[in-house]
Structure formats: C-alpha cells, structure tokens
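Computed from the coordinates by the stated procedures, all read-outs in this text should not be read as laboratory data. Everything numeric here is computed off the predicted structure, so don't read it as measured data. Glycine also receives a Cβ, built like all others from the backbone with ideal geometry; neighbour counts cover every protein chain displayed.
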Amino acid sequence: MAPVCKIAIVTFIVTVTPDLAFGLSDLLGLSSSLVPPGGTASLNLSLRAGSGGGPAGLQWTITYPPSVIADISASPGPAAIAAGKTLSCTAASGTYMCLLTGLSTSGLNINVIQNGVVAVVTATISPGAPTAAIAVTNALGATPPGIAVPILALGGTIVTSTSRSFSTLTCSPTTVHSGASATCSVTPNEAAPAGGAIVGLSSNNALLTVPASVAVGAGATSATFVAAAGTVTATQLATVTATLGGTSHSITLSLTDALLISALTCSATTLDAGASSICTVTLSAPAPSGGVSVPVSTSSSTLGVPASVNVAAGSSEATFRATATTVPPGGDSTQSVLVTASLNGASQSEPFTLIICPCSLWPSTAQPVDPSSTGTEAIEVGVKFTSTVSAHATGVRFFKATENGGMHLGNLWTSEGTHLAQVTFTNETSSGWQVAYFPSPIAIAANTTYVISYHAPQGHTAADNGAFVTPVSNLPLQALAGSQDQPNGLYKYGSSAFPTTASSATNYWVDVILNTSTAIGTAAPVSLWPSTAVPDTRGVSSAQSGELGLTFVSEISGYVTGVRFYKSSENLGQHVGYLWTEVGTLLASVTFTSETASGWQQANFASPVAIAANTPYVISYWAPEGHNADDALYFATAGVGNQMLYAPPNGAYGPNSSYADSKVFPTSSSDSGNYWVDLVFTTAVQ
C-alpha cells in the first residue's frame, strides 16, 4: 500500500458591508498553504484597495477551534511596514484580534495602507487534526479621520487530506492579454474523497496571478480556477503549476499586451437617409473568457450606432449596424462622419459620407453677378454635370430675372445629346429661383456626364463669364470645368434643343435637382388626420398634466418634419412635441410657438428625421395644464390610416394611445383613447 501523507490548507474569510468609498470595493484576502498534520502554515493577509484608495488602519479578528489550531500569531507585512503601521494582537481561547494602526504627527491616520501584504499569520496545526473551519470576523478599515468602515475578505478552511495525484492541468485560452484571464482546470486521477482534495497552485510570473489552491469537492473529478493577467506591456511567458500529493503538472501561458482592435470595416460607407451599413470589428486576438465589450461611437448624431458591441469568447470579430438617421445640419447635401471603435486606449475608425438629398449645384441663397443678359433671342442654356453616386434626376431649376419672360422648358440630356426628360415650368415667380419636377425620376449613373438645360424664349438669361474655368462642386454633384469634358456653359439659339456651343466658360445658372430615392422630391406632406378633423371630446375636464402619445408606422421610408395636436381653448401652457423610437429613444423635440386659441397646432423640428419603413415610432406632446382632447376607445378595435401612414389599434405595437404623468416617453394606456396628436411626414425634403 502506498504511504499516506497528510497535508493541510489554511484559508480565511471576511465578510463586509460596503460604506465609504474605499470600503465599497476593498478586499482582504488570506493566502492558503499546504502543510502536513502538526505542521505550521505561514499565510499572507493581503489588501487590494478599490478606486476610493486604501484605509488608514485595519482591524480583524481570527476565530478558530482551539482543538485544531495549537498556536497562532501574526507579524506586520511589507505593506504595513511601508505605511509605518504597528500591529498589535490580543489572543483568547479561539479568537485572535489584531489592530494595524499608526499615528502621524497630526494625530490622524493619514498614512494610508497601499496594496500588498499587510500581515503574515502563522498557524500551527494540532497533530492528528482532520478538518477545521477557520473564520475572520469584525474586519474593518479606518478612514484618515478615524471612521470605521467594513471591508470585504476572502478565505476558507483547514483540510487534512491523504496524498493523491492528478492527471491533467489545462487552461483556455493559452494566450492571455493584459487585464484578461484564462480559465484553468485540474483533473485528479480519481474522484476526491469525502473530505475533498486540495490542489496547490503557483505562478512563476507576478503578472499572472492564481489562487494559492483550489478545492476538488467530495466525489468530484475536476475543479476550475482563474489565472488573471495584470498590466502586460511586453509579450512574455508565465508557468502555472498545480500540485496534489506527490505529483505536479505545469502549463505555460503567453502573456501579451492589451487586446486591441486590429480593423474596423463597413459594408458601405456612403449612405442615404434611413440606409444602413454592417460594420465589423476585428480584434488582435480571440476574446478571452466572458467576451469583450467594445465601445462604439460616431462623430455626429446623424449616423446612429450602438453604444457598444460584444465580441464573444473565443471569437475575434463582431458586427453592428450603422444607420443614417437625419438630414445633415445646415442644409448641406453631404456630411462626413467617423465611426470609431475603441478598446484599451486604442481605436480604429471608418469614414462615412452621408448623402441626404435633394441636392443641387447651388444653394437657394446663391445668385448670379449678372442675372439678366442683354440678348433677347430665344436660347437654350445648359451645364454639364456629374454625380459621384448613382441617383435620380427629379427636376430642373434656374435663376430668373424679371426680363426673362415667356414659357420656360427644362430638359435633361446625355452628354451625347440623347433627350431624357422635359418639363414645363408653371407658377413661376417674377424673379429668383424657379423649380419644376420631371413627370418621373430619371436614373443617373455615377461619374457620368449629363447636361441639364432650360429654354428661355425671350432671352435675358443669367450669364456669369469665366465661372467654369474651375469646377463647381456640391457633393455628390459637380459642374465640370471646361478642361474636364470639353467646354462647359452651353447654349444654342432658336427653339428648344440640345445645347452644344460654349463660350467664355459661362454659367447660365441652370441647375439639376438630384435625389437618392425615386420618391423624394415629388410628394406633399402627409398627416394621419386632415385639418378639418375634429375630436368628439376636444378638452377633458381634468387639469392633470400629461405626455400624450400616438404609435404610428409608415409603409415607406421618409422624413418626419414636425408634430401637430388638436388644442382646446383650456389646453394652456407651453406645449412641447417629441418623436421617439418604439423603445423610447428620443429622436427630436420642438417647442410650440405662435399657437392659436384652439384647433390644430403644428411645430416643425429643427431638422427632418429620417424613419424606416414598416417600423413603429411614437409621436407625442406635453400638455402641462391638461384639458387635452381624448376620445375614449378610439383605438380599441381598429386603427386609422392615410396614404402611407397608419396608426394601429391598441396592442398591435403596445399601447395606442399612450400617456405618462411626467415629461418622459409615454408607455401607459387606460382606455385606448385618441389624444389627437399627429405627425407631419414627407418623402421630400425641399
């Protein structure tokens, strides 16, 4: 029969109630040790201070069965000595109370204790002792003014075990990044006995910490522990060793610097309003156990991304969706936005271009230097242009002087003169920019030259010489310079026809209307109710304030430009309109001004908000003094629709209508009532 060698492990537990800053996350941990019965264990009592800083003093009481622990003592550890502390302990039967203190010249404990070993506890095990529970109670820290704060502590028991061996030690992953960890497993060669088995653990590299031991429960055949990496600045090796009985197993792990993002790529980086791109975050190595949360951000709220994306354990990649949400500020047709993923102080970015049309070469504020040339002969004038993206030409515009009379025709041509579309201008003003839309949108290929023109039967067109010596750009559109694709600034005298002549690189101030959707630029604003609609109950008697909402969907993507509601003469105070996602993310808000005494009120958002097709949203307004419209059971069994808009019945997408008692996202519903709040929707942003 093999010889039997008995060993013992000592571990202590301290429990805390969080209070002040350092006590909330500080930890006292007592190491374990393997000793034979009757042997002596030297155990390190270590402090790990949280973000609030270390304590200025410590107190703890060790409790133990006197029949098992023959002798116990303690001495100051390096961290206590460095802080100038004195350790004093008082022994009694089964208890050992210790105080770690030290006064400064001011009489206060201002010299706080840093992380490290604060005391070395020596325990002598009674010969023949089998198993004994040991605990630590009344673990306290002290603030510099002397206020006591409970501190968390960890520990265990003394176990006397027969000599055993084990077959394997494994860890996953075997490459551990700075601040990450590996999960390791020990497997004895047979099930642990009734008292369990204690496996001693060690690491030969201070940057990889492991517990002093791991217990294999009675009847179990394995146990796991965590090997945690500290701050690693250079790649290096660490060996973990597990010992049980007379056998040891070791495994070598590779420690590397911080896990980083090696790449961020997106499926599309040019987006229209409402369009999306799938982005992929790639890590420098597989994520550790538990995965990695990668923060994500954008440089503008016009491109929406999640706050973070999780890379699953063992994987190096994760995807998220970036969605263009609103029109860029300032009326620009394009906006550059950066999407950034960050991890461990480093980041990767992907540039996006948001193209939210309709777009033209010149803003409506632009004007010619010479708005009316002297020529009176009928003339067709045009400009060569290209688009950096495939899109649709939906109309033509030109700048008009009062002398430029007669019926004007707008035309779209290929660069070779193939006629693509024509429209007659109607309802013109006496001067300024004139706009006309083609009967149907015309597809425009990217990076291809086209000609937009108009016919002026009485001449007097705008004419600025030398304007196209260099190109004119308002991305995605560009009016070509004369050197890019033959002369630019085209004309032809006579009846309406393709203009081919150019002189002096003249800008005749004719422009194209370009859209990235066939629908944008052709539809009037839409609401669920016409302005003639009137509630049955225009104002309730209650003066209770409330946030009153309506759930709606649109069959097509487009823009919500504002909010409207029906007002009774008693519905007073400052009203505020809101647009929310289905889950309560606020997309836009606006304060109502210039209200009438009663009837429909409307307020437009500062910028139109792009919404997706067939997706629920909530429109609401704040009624600070109640007396709002409320038709009970309006949405109890049926919804209401108008063109592409639909407000579903109560329950189809949660409550409809919804309310809240404060100025927050409305989620409550009592009687399926209609509060007569409405949206303004359009597929055109003019």
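What the table below lists for this structure:
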| item | result |
| --- | --- |
| Order of R538, R397, R48 under a 10 Å beta carbon neighbour criterion, fewest first | R48, R538, R397 |
| Cα-Cα pairs of the stretch 215-325 separated by more than 24 Å (percent) | 48 |
| Segment N115-N604, extension gain: residue separation times 0.36 nm, minus the distance between their alpha carbons | 170.2 nm |
| Estimated dipole of the chain in Debye, rounded to 20 [Cβ of Lys and Arg +1, of Asp and Glu -1, Cα centre] | 1960 |
| Ratio Rg/Rh [Cα only; Rh per Kirkwood] for the stretch 546-682 | 0.93 |
| Ratio of the Cα radius of gyration of the stretch 463-598 to 2.2 N^0.38 Å, where N counts its residues | 1.79 |
| Approximate spin-label separation T585-S73, in nm, with each point projected 7 Å along Cα-to-Cβ | 6.6 |
| Cβ-derived FRET efficiency at R0 25 Å, T593 paired with S542, nearest 0.05 | 0.50 |
| Convex hull per residue volume in Å³, alpha carbons only, for the stretch 369-491 | 102 |
| At R0 = 60 Å, FRET efficiency that the Cβ-Cβ distance of A443 and T224 yields, to 0.05 | 0.45 |
| Length released on extending from S662 to I147, taking residue separation times 0.36 nm less the Cα-Cα span | 181.3 nm |
| Simple spin-label estimate for T239 and S297 in nanometres, 7 Å along Cα-Cβ | 4.5 |
| Net length gained if the chain between A92 and S504 were fully extended (0.36 nm per residue, minus Cα distance) | 137.6 nm |
| Label point distance in nm, S364-V534, each placed 7 Å from Cα along Cα→Cβ | 3.4 |
| Sorted largest first, extent of the stretch 166-256 alpha carbons per principal axis (Å) | 44, 20, 18 |
| Amide H partners (placed H, <5 Å) of V640, local residues excluded | A647 |
| T340-A613 FRET efficiency (beta carbon distance; Förster radius 30 Å; 0.05 resolution) | 0.55 |
| Cross-link partners of K663 among lysines (Cα-Cα below 21 Å; sequence separation of 8 or more within a chain) | K567 |
